[in-house]
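Okay, so here's the structure we're looking at.
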Amino acid sequence: MQDPALSRPGEDREFFRQGSRRIPLWACVLGGAGLLALLAIVLLLMGHPPWCECGYIKIWHGDVMSSENSQHIADWYIFTHVIHGFGLYWILWLIGARWSLELRFLLMLVIEVGWEIFENTDFVIDRYRDTMARGYYGDSVINAEFDVLACVVGFALAARLPVWATIALAVAIEAVLAYAIRDNFTLNIIMLIHPFEAIKQWQLGA
């Protein structure tokens, strides 16, 4: 018989249920807002602009080879952060199935905000620019904030969707990105760890 304290993957149907061992809604909202504020402050201190230095903000910018990539609200890479949410939901479920969904939600935000800060260090920016992101100088604050919100969407979807649906959606996102921009979450990780010349040439269309 299954331990009732254990959730099952894809069956965390209700966020913010009340109970003696659950984190209340106000704490989750306050914690999430605090982490987003911390991200904005850190990125500004690191020298990243609050929004595109072109002087305007677009909802969508689709040219990944442009200097405006990762400077507006959303671009192709926002979908990789949805996959972050999938992955973080699964990792946190594996290591903490007895933890409340709210606790896992807050831990996901801590990890994703930490990743956004690391992603915008000179080391990672230079590594990305050495591949296909020739005009990339890091994210604007508004872009990074919406990347984190995309991760929240991915986490929420993984909590509600059947396992097969989450996997199918992740594969579909990766396939669309590979076709549309010759890049995706998997290639991001591979090229960050070790830039392969063959992948680099394919991404550049050589």
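Enumerate the residues in the range 175-190 having an amide nitrogen under 16 Å from the point lying 7 Å beyond the Cα of Ser66 toward its Cβ. Those under the cut-off are 181. Under the simplified labelling scheme, the Ala37-Val153 pair shows an inter-label distance of 2.6 nm, with each label point 7 Å from Cα along Cα→Cβ. When only the Cβ of Lys, Arg, Asp and Glu is charged (+1, +1, -1, -1), the dipole of the chain relative to its Cα centre reaches about 660 debye.
Comparing Ile57, Gly114, Pro195 along the charge dipole axis of the chain, the residue lying farthest to the positive side is Gly114, per the Cβ-charge model. Among 58-68, 107-117, the peptide with the highest mean count of other Cβ atoms within 10 Å heads the list, and the full ranking is 107-117, 58-68. Relative to the longest principal axis of the C-alpha atoms of the chain, give the angle of the C-alpha long axis of helix 141-160, reported between 0 and 90° and rounded to the nearest 10°. Result, in degrees: 40. Roughly what would the spin-label model give for Ala27 and Asp126, points 7 Å off Cα along C-beta, in nm? Computed distance between label sites Ala27 and Asp126 equals 4.2 nm.
Computed from the coordinates I sent, log10 I(q)/I(0) by the Debye sum over Cα atoms at q = 0.08, 0.09, 0.11 Å⁻¹ equals one of (1) -0.30, -0.38, -0.55; (2) -0.24, -0.31, -0.47; (3) -0.38, -0.45, -0.59. Tell me the label. Evaluating log10 I(q)/I(0) by the Debye sum over Cα atoms at q = 0.08, 0.09, 0.11 Å⁻¹ on these atoms matches (1). When the chain is treated as a GNM with alpha-carbon contacts under 10 Å, the residue of Ala40, Ala144, Ala180 showing the greatest mean-square fluctuation is Ala180. With helices as the sole contributors, the chain gives -19500 deg cm²/dmol at 222 nm; each DSSP H run of n ≥ 4 counts as -39500 (n - 2.57), and the sum is divided by every residue.
Cα centroids of the range 44-62 and the range 84-98: how far apart, whole angstrom? The range 44-62 and the range 84-98 have Cα centres spaced 31 Å from each other. Between Ala74 and Trp60, His61, the built amide H atoms are under 5 Å apart, and every one of these is 5 or more places off in sequence or on another chain.
We did not get these values from a lab; they are worked out from the coordinates using the rules stated. Worth saying up front: this structure is predicted, and the values here are computed from it rather than measured. Heads up, the Cβs are rebuilt from the backbone with ideal geometry, glycines too, and the neighbour counts pull from every protein chain shown.
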